[in-house]
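Values quoted throughout were computed directly from the atomic coordinates according to the rules given, and no laboratory measurement underlies them. If you're wondering where the values come from, they're calculated on a predicted model, not measured in any experiment. Heads up, the Cβs are rebuilt from the backbone with ideal geometry, glycines too, and the neighbour counts pull from every protein chain shown.
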Amino acid sequence: MANIIDGKQISTDIKNEVQKEVIELKDKGIEPCLAVILVGENPASQVYVRNKKRACEYCGIKSLSYELPESTPEEELLALIDSLNLDPACNGILVQLPLPGHIDEDKVLLRIDPKKDVDGFHPYNVGLLSIGKAKLKACTPAGCIELIKRSGVDITGKKCVVVGRSNIVGKPVGMLLLAENGTVITTHSKTKDLAGVCRQADILVAAIGKPKFITGDMVSEGVTVIDVGINRMENGKLCGDVDFDSVEPKAEYITPVPGGVGPMTIAMLMKNCLTACRMQNGLE
Ligand code: GUN
């Protein structure tokens, strides 16, 4: 029987830690503030944005909300980012993705001041991550590391296999595991003998976007499994990229879906808002 890693509890612990530090900042006359920008009416994005604003409220972080119509010209969005970049009262800028097709996502992400890039998506912050000096780390990958460490699993010297090489999860989580002294293999759809490579893993991170892709025969006894996938099945239920029923009996630690990695993304966003605010006030 594996230990189930409780992402909901760990994310609450992190938000409580942020809340405490926010109180300390406010005592110094500093109020952390996050600007959240949503363009269009994508229902999933609306839910994410609502949850991000709620988390801000919980942590005592001020949130500024910009809900722009689908037809917003790219120039107008860029002008809003420019003004928030210059506003000293705004510490973090989050542009919810995906953006409507007529807006160039790369151009938008590049426009955000790297010091206010609480998503950790700006190439400057990705560069810092690659040299092991990141302050603002992409939230989901940083959340995976917190889940592993707070479960008491030491990453140093462990064989870490990451399945998936996306810019938002696979690649950055590999870099973070390396920074924690893991021995990292990043695999993808062209990897030969994927099952064999996965069986070498002490720590396996699944970020493929394919429901129940990692099965029990692909893991070894005692593995720690972090499942980043969130897939909706035909019956409406959520499932991960890991086939929980066949993998769990072999794992020592495993994250469930839902309630594993999912809640960590917003908790790490709150942590990044705090870090951004502290950096901008010369506190780190
Ligand atoms: N859309 C889905 N996930 C994310 C995220 O982590 N950040 C942003 N900005 N947009 C998203």
The rounded separation in angstrom of the Cα centers of the stretch 80-141 and the stretch 1-74 is 15 Å
To the nearest 10 degrees, how steeply does helix 7-27 sit against the main Cα axis of the chain, on a 0 to 90 scale?
-> 30 degrees
What number, in percent, do you get for the relative contact order of the chain if the mean sequence gap of Cα pairs under 8 Å and at least 6 apart is divided by its residue count?
-> 23 percent
What shape does the stretch 29-147 have by the C-alpha gyration tensor, where a ≥ b ≥ c are the square roots of the eigenvalues, rounded means a/c under 1.5, and otherwise prolate means a/b greater than b/c and oblate the rest?
-> rounded
How are the C-alpha pair distances of the chain spread across 5 Å bins, as whole percents from the shortest bin up?
-> 1, 6, 12, 16, 18, 16, 13, 10, 6, 3, 1, 0
Total charge dipole magnitude, the stretch 193-284, about the Cα centre, Cβ charges on Lys, Arg, Asp, Glu only, Debye to nearest 20 = 440 debye
In the stretch 1-96, the trypsin sites (Lys or Arg not before Pro) that sit in a DSSP loop and have at most 12 other Cβ atoms within 10 Å of their own Cβ are 28
By its C-alpha gyration tensor, with a ≥ b ≥ c as the square roots of the eigenvalues, how is the stretch 1-54 shaped: rounded for a/c under 1.5, else prolate for a/b larger than b/c, else oblate?
-> oblate
For the stretch 138-236: rounded, prolate or oblate by the Cα gyration tensor [a/c cutoff 1.5] | rounded
Out of 148, 60, 49, whose Cα points farthest toward the positive end of the dipole of the chain (charges: +1 Lys, Arg; -1 Asp, Glu; placed on Cβ)?
-> 148
If you line up the long axis of helix 170-179 against the longest principal axis of the chain, both from Cα atoms, how many degrees apart are they, to the nearest 10?
-> 80 degrees
Between residue 83 and residue 149, what length in nm is gained on full extension when 0.36 nm per residue of separation is reduced by their alpha carbon distance?
-> 19.9 nm
